[in-house]
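Coordinate-derived values only; no laboratory data. Keep in mind the model is a prediction, meaning the values are calculated, not measured. So basically every Cβ, Gly included, is an ideal-geometry build from the backbone, and we count neighbours across all protein chains shown.
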């Protein structure tokens, strides 16, 4: 059985996927796991690969979960993305980036407000 936090996270990821699809992103993989980390969404947009970290929260919380993507988390995301690229035999010439999507969910209506921070991981 899922915890309340896991349910919120799953709902946030579903909203993020729908949002990205609406912008024309092609979803390649969800919830990629490696012993070093996890990537919530792997997508392609135009000629770029985009690795997406989704952070979900309930409406009314004053703290942005994007603040949890600290330098340690960024380094793990980068390493995990590099492993995904190697496992999928993706050439180093294909541009890629890591985005963070913050999903604020209204607990009653399940509607979401989305903030998309593009190419925001800098700890390479």
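For the chain, modelled as a Gaussian network with Cα springs under 10 Å, which listed residue fluctuates most, 29, 13, 93? With Cα springs under 10 Å in the chain, the top fluctuation among 29, 13, 93 is at 93. Helix-only estimate, please: 222 nm mean residue ellipticity of the chain, summing -39500 (n - 2.57) across DSSP H runs of length 4 or more and dividing by its residues, to the nearest 500. When only DSSP H runs of four or more count, the value is -10000 deg cm²/dmol.
Each peptide in 101-109, 82-90 was scored by the mean count of other Cβ atoms within 10 Å over its residues; highest first, the order is 101-109, 82-90.
In degrees from 0 to 90, rounded to the nearest 10, what is the angle of the helix 4-22 Cα long axis to the longest principal axis of the chain? Between the helix axis and the principal axis of the chain, the angle is about 60 degrees. In the chain, the DSSP beta bridges split such that about 65 percent are antiparallel, to the nearest 5.
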